[in-house]
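J.: Just dropping this structure here.
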Amino acid sequence: MMDSLDALALDAPKHGLAGPTSEPAAMPVTEIRPDHKLVAFDAASVWQYRGLLWVLILRDLKVLYRQTALGACWAIAQPLFTVAIFTVIFGHFAKIPTDGAPYALFAGSAIILWTYFAESVRRSATGLVTEAELIRKIYFPRLVIPLATVVSPMVDFAIALVVLLALMLWYGVVPGWHIVFAIPTLAVTAMLALGVSLWLGPVNVRFRDVKHTLPFLIQIWMYASPIVYAASIVPGSVRWVYALNPMVGLIEAFRFAILGGTAPDLFALAVSVTAASVLLFTGLIFFQRMERSFADII
């Protein structure tokens with residue numbers, strides 16, 4: 001009897017029988033390591049977490065207008081009030097030239113694009129700190145956060161664009177074939193906003209001065225762009241210096257797409273596209289290098 005039991009114990013592994021000395025099966029382990037490549041943009045990983053990206057976008061939209069009396073109507077009221085103020089001050093009193101377009105349309109076509117850019121940069125610059133608890137608790141591609149904060153303001157942009165088109169019909173202005181340039185211009189503006197955000201977001205993790213200085217810098221940047229005035233009033237001798245502002249070419253291109261008229265300066269437009277591409281590429285590298293320490297510092 002003992003010999004038969006000993007033989008059964010020896011044959012237990014062969015028959016899948018667990019004896020008293022068998023070890024439990026090892027659990028699968030996923031090890032996450034930082035990538036040491038110069039550019040390690042993992043588009044597949046970001047796409048895998050597209051559900052989280054969608055949730056963050058919807059949450060931003062809900063939080064923005066939660067417990068407000070007007071709700072999403074603020075997306076209409078803000079650009080309308082801004083256009084009205086600029087029209088009275090710069091169009092009626094200062095008599096700023098507009099290259100033949102009604103001042104309300106001239107300013108409005110620039111304001112909605114600038115508002116999208118400024119709001120995207122403002123949200124993205126502070127987005128990593130705002131999502132500190134999420135970053136510390138779970139793993140996900142950190143690039144999802146600046147992507148969400150750049151995509152969500154497009155809803156306000158779309159609403160403001162509809163209002164602008166209605167205002168154009170009221171003035172008797174009908175968009176022409178050049179409106180097809182509006183989408184590429186918006187895409188380059190989003191690239192520029194994301195590129196700036198990929199630099200400012202990690203810097204804000206280490207130095208919280210960014211959130212204090214950013215509103216001031218955005219305000220200066222606005223008046224350095226052809227929003228309340230036409231770029232044509234800038235003296236020709238310094239026009240190339242003025243065109244180094246990447247928003248100059250984009251605002252002129254979007255204004256041309258909506259209202260027509262004078263075509264944008266090709267040099268300024270080339271500067272905008274180049275700046276957006278360079279900032280996005282270098283921003284991805286910088287963001288990748290810095291994101292390894294987000295959870296420790298934030």
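J.: For segment 130-202 and segment 76-113, what is the separation of their Cα centres, given in Å?
T.: Each part's Cα centre sits 21 Å from the other's.
J.: Using a 1.4 Å probe, how large is the accessible area of Lys95, given in Å² and rounded to the nearest 10?
T.: Accessible surface of Lys95 is approximately 140 Å².
J.: Still on this model: Restricting things to alpha carbons, tell me how big segment 195-298 is in terms of Rg and Dmax, in Å.
T.: Using the Cα atoms of segment 195-298, the pair Rg, Dmax is 16.7, 53 Å.
J.: Still on this model: Name the shape class, rounded, prolate or oblate, that the alpha-carbon gyration tensor gives for segment 229-278, where a ≥ b ≥ c are the square roots of its eigenvalues, rounded holds for a/c under 1.5, and otherwise prolate holds if a/b is larger than b/c and oblate otherwise.
T.: oblate
The values are calculated or read from the model by the stated rules, or taken from the named source; none is laboratory data. Bear in mind that the values here come from a model prediction, so they are computed numbers and not experimental data. Heads up: the accessible areas ignore ligands, DNA and RNA and are worked out on the full protein's heavy atoms, side chains in. Shrake-Rupley method; radii C 1.70, N 1.55, O 1.52, S 1.80 Å.
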